[in-house]
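Participant: Please find one structure pasted underneath; my questions will follow.
The values are calculated or read from the model by the stated rules, or taken from the named source; none is laboratory data. Computed from a prediction, not measured in an experiment: that's the story for all the values here. Heads up, the Cβs are rebuilt from the backbone with ideal geometry, glycines too, and the neighbour counts pull from every protein chain shown.
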Amino acid sequence: MIRILKVELTKVVNYPTFWVIFGIHLLLLIPAVFAFESFVQSVAGGTGPDGVAIQTATPGVSIFNFPGAWHNLAYLASWFQFILVILFVILVTNEYTYKTLRQNIIDGLSAVEIIAAKEVLILFLTAVSTLMLFALTAALGKPAEGVGMFDGVVAVPAYFMSLFLFLHLAYFLSSWLKKTGLVIGMLIIYWIVEGIAGFWLPDSVSQLLPMNVRVNMLPNPLSEMMGLEAVANVSLLNGGLCLAYAALFLGGNYWLLKHGHAAK
């Protein structure tokens, strides 16, 4: 098993497209952070009940002020998760395109071993992206009187769980549809359909859907300017739903592999 996982990570690290797309993710995120700061400073005004920095354009206060910096940057970074999802989709669908997965099965790898290798890849992408967010926030964050640097850091594990869930959904769709463009299109369609369904379903139901779980963990901090609650939240319910959905999607992948979908 260890050998398989090492091969998986080596394959990714030596894949030029991986570094290109991952670099694009980082290069777009950094200027977007400063653009977001300028936008907030130009349109926002007043302070919210919990003092999140993003809510005010008062001179000297910015989205980088702790404790709000963790939530503000995590929310912004969550919009760039789709780039990492595209990267993961390419990595998975390439194994169908170039018959790599079929050859692995012929060589005797079990469905569990194949899924375990991809699970490590998901954890690798999620962990690296989360560490980047942590480092960026720690570097740009500004201390405030009476506020500790790590106040509000719950937004970081919220970001981790959000990306973790997103990548598992992408993994299942990639295994099912096998084509990069088709998977990306289906992800966008699903996102739209779930959003529309949310208007028709009771809140108690719509809040349990995968994309809404992600939103619940990292709500838009600007919404507090309109009097709405916007607190990063990795509750037992949200965390449990992330793990349950991940298990469901992995179960779907296992079913596909056991029923010969890789050879079709």
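Participant: From the set of residues in the range 184-200 that are of a type in the set (A, V, I, L, M, F, W, C) and in contact with a Leu (Cβ under 8 Å, 6 or more places away or on another chain), which is nearest to A246 (Cα to Cα)?
Facilitator: The qualifying residue nearest to A246 (Cα to Cα) is L187.
Participant: Enumerate the pairs (first residue in the range 207-224 and within 16 Å of A246 (Cβ to Cβ) and charged (D, E, K, R); second residue anywhere and surrounded by 20 or more Cβ atoms within 10 Å (Cβ to Cβ) and modelled with pLDDT of 90 or more) with beta-carbon separation below 7 Å, excluding pairs fewer than 6 apart on the same chain, so at least 6 apart or on different chains.
Facilitator: R214/S162; R214/L165; R214/F166
Participant: Still on this structure, please answer the following. For F134, work out the one condition from (1) without any contact (Cβ under 8 Å) to a residue 60 or more places away in the chain; (2) crowded, with 22+ Cβ neighbours inside 10 Å it doesn't fulfil.
Facilitator: With (1) without any contact (Cβ under 8 Å) to a residue 60 or more places away in the chain; (2) crowded, with 22+ Cβ neighbours inside 10 Å applied to F134, the lone miss is (2).
Participant: Which condition number does L182 fail, the rest of (1) hydrophobic (A, V, I, L, M, F, W, C); (2) in a helix (DSSP H, G or I); (3) modelled with pLDDT under 95 being met?
Facilitator: (3)
Participant: Give me the residue from the range 99-114 that is free of Cβ contacts under 8 Å to residues at least 24 places away in the same chain and in a helix (DSSP H, G or I) and, out of that set, nearest to the chain's Cα centre (by Cα).
Facilitator: Among residues in the range 99-114 that are free of Cβ contacts under 8 Å to residues at least 24 places away in the same chain and in a helix (DSSP H, G or I), the one nearest to the chain's Cα centre (by Cα) is T100.
Participant: Another question, then. Inside the range 1-35, can you point out the residues that are free of Cβ contacts under 8 Å to residues at least 40 places away in the same chain, of a type outside the set (A, V, I, L, M, F, W, C) and under 19 Å from A77 (Cβ atoms)?
Facilitator: The answer is G23, P31.
Participant: Also: Among the listed residues A170, A139, A158, A135, which satisfies the condition of being closer than 15 Å to I83 by Cα, among the small types (G, A, S) and not in a loop (DSSP other than H, G, I, E, B)?
Facilitator: Just one listed residue meets the conditions, A170.
Participant: Looking at (1) crowded, with 18+ Cβ neighbours inside 10 Å; (2) under 21 Å from Y254 (Cα atoms), can you tell me which one S162 breaks?
Facilitator: (2)
Participant: Hey, another quick one. Can you find, within the range 240-262, the residue that is nearest to F172 (Cα to Cα) among those that are of a type in the set (G, A, S), surrounded by fewer than 20 Cβ atoms within 10 Å (Cβ to Cβ) and within 25 Å of the chain's Cα centre (by Cα)?
Facilitator: Ranking the candidates gives G252 first.
Participant: Sort out which residues of the range 95-110 are buried (at least 17 other Cβ atoms within 10 Å of the Cβ) and of a type in the set (D, E, K, R), and write them in order of number.
Facilitator: E95 - this is the single residue of the range 95-110 that is buried (at least 17 other Cβ atoms within 10 Å of the Cβ) and of a type in the set (D, E, K, R).
Participant: Does the range 111-131 include one or more residues that are surrounded by fewer than 18 Cβ atoms within 10 Å (Cβ to Cβ), over 30 Å from L256 (Cβ atoms) and modelled with pLDDT of 90 or more?
Facilitator: Checking the range 111-131: at least one residue is surrounded by fewer than 18 Cβ atoms within 10 Å (Cβ to Cβ), over 30 Å from L256 (Cβ atoms) and modelled with pLDDT of 90 or more.
Participant: For the range 132-152, how many residues are touching a Phe, Trp or Tyr at 6+ places or on another chain (Cβ under 8 Å), modelled with pLDDT of 90 or more and aliphatic (A, V, I, L, M)?
Facilitator: Residues in the range 132-152 being touching a Phe, Trp or Tyr at 6+ places or on another chain (Cβ under 8 Å), modelled with pLDDT of 90 or more and aliphatic (A, V, I, L, M): 2 in total.
Participant: To continue, here is another question. Considering only residues of the range 178-194 that are surrounded by fewer than 22 Cβ atoms within 10 Å (Cβ to Cβ) and touching a residue at least 40 places away in the same chain (Cβ under 8 Å), which is nearest to G239 (Cα to Cα)?
Facilitator: L187
Participant: Can you name the condition, by its number, that G152 falls short on among (1) buried (at least 21 other Cβ atoms within 10 Å of the Cβ); (2) touching a residue at least 60 places away in the same chain (Cβ under 8 Å); (3) assigned to a helix (DSSP H, G or I)?
Facilitator: Only one criterion in (1) buried (at least 21 other Cβ atoms within 10 Å of the Cβ); (2) touching a residue at least 60 places away in the same chain (Cβ under 8 Å); (3) assigned to a helix (DSSP H, G or I) is unmet by G152, namely (3).
Participant: Of the residues F22, F39, F66, F82, which single one is of a type in the set (F, W, Y), out of contact with any His (no Cβ under 8 Å at 6 or more places or on another chain) and at pLDDT 90 or above?
Facilitator: Checking each option against the conditions leaves just F82.
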